[in-house]
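In what follows, a single structure is set out as structure tokens and then discussed.
Each value in this text was obtained by applying a stated rule to the coordinates, not by laboratory testing. Model, not experiment: these values are computed from the prediction. In this analysis, Cβ positions are derived from the backbone assuming ideal geometry, glycine residues included, and neighbour counts consider all displayed protein chains.
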Amino acid sequence: MVDVDQYRVKEEPYYRTVSDEVTLYEAAYAARMPVMLKGPTGCGKTRFVEYIAWKLQKPLITIACHEDMTASDLVGRFLLDATGTRWQDGPLTIAARIGAICYLDEVVEARQDTTVVIHPLTDHRRNLPLEKKGELVTAHPDFQLVISYNPGYQSLMKDLKQSTKQRFGALDFDYPAAEVEAEIVAHETGINMTVAEKLVAIAHRARNLKGHGLDEGISTRLLVYAGNLIAKNIDPKSACHMTLVRPLTDDPDMRDTLDAAVNTYF
Ligand code: ADP
């Protein structure tokens, strides 16, 4: 038996609503429509799913996808133990059985032959064949699938097939508007709004460099990191260099450009 309680989000996560995403998601959940969250890394997708799971009072199972992930990592496998072989459900199977919201984070990282195992769960069938075990699991009525996807990393090699994409309703996520993002950073870290606004202004400078030497802009997550260090009485300049600049680039010229941007604010 699975302990469902371990998958419950016990306390309300802080989530600052940005647009109509909560209303749309709730309607999608009511229709048990699979949902895709599109957007850059660190912009609030995971926090949003945690908040939704809490709001709907459903267990949440999160799976971080990677390119070595196999279908067995999702559905389960036979294990050898002292008494012989024993089947162990994978996280997707557990989610289908207990009626969890199953969040496949960065699904595009998984190989396409892995991604197809979710197909029967995303249409009217709502089932999951465990081929090796010879069992067809019917999804619990509360089960729902949500995936995240960063279109920025899209390449010919790595993209979702149309046959996968077209099984989802999609919500666009992005870094929030400046004042909202500052509010989030201040709330998450305890720094004051004036400092939070400066951090956001630095992020805006860096985001303009995306595609001009930077693969990704400074995420909200990194702004929260900077705020956390500043809240620990670290000098803002050093905090920004450590959290907003060094993680983003290895290129010395770009590093100097970003350091200079930091230095104009602090
Ligand atoms: P993603 O899943 O998009 O990579 P996360 O959900 O982990 O990003 O967001 C990174 C961090 O940014 C969160 O831990 C949280 O501190 C903050 N954050 C971003 N957007 C929001 C939001 N709308 N409300 C509250 N916190 C947010």
Starting from residues that are part of a helix (DSSP H, G or I), under 16 Å from the mean Cα position of the chain (by Cα) and not charged (D, E, K, R), keep the ones in the stretch 12-30 and report whichever is nearest to the ligand (Cβ to nearest atom).
Val22
Where residues in the stretch 77-101 are in a helix (DSSP H, G or I) and β-branched (Val, Ile, Thr), which of them is surrounded by the most Cβ atoms within 10 Å (Cβ to Cβ)?
Thr93
Residue check, Ile63 crowded, with 20+ Cβ neighbours inside 10 Å, under 19 Å from the mean Cα position of the chain (by Cα), more than 16 Å from the ligand (Cβ to nearest atom) and under 16 Å from Ile147 (Cβ atoms):
no
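Per-residue answers, yes or no, for (1) within 16 Å of the ligand (Cβ to nearest atom); (2) within 19 Å of the chain's Cα centre (by Cα); (3) surrounded by 14 or more Cβ atoms within 10 Å (Cβ to Cβ):
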position	(1), (2), (3)
Tyr103	yes, yes, yes
Pro120	no, no, yes
Arg125	no, no, no
Glu131	no, no, no
Gln144	no, yes, yes
Lys161	no, no, no
Quick check on the stretch 221-244: of everything there that is of a type in the set (Val, Ile, Thr) and more than 11 Å from Ala196 (Cα to Cα), which residue is surrounded by the fewest Cβ atoms within 10 Å (Cβ to Cβ)?
Ile234
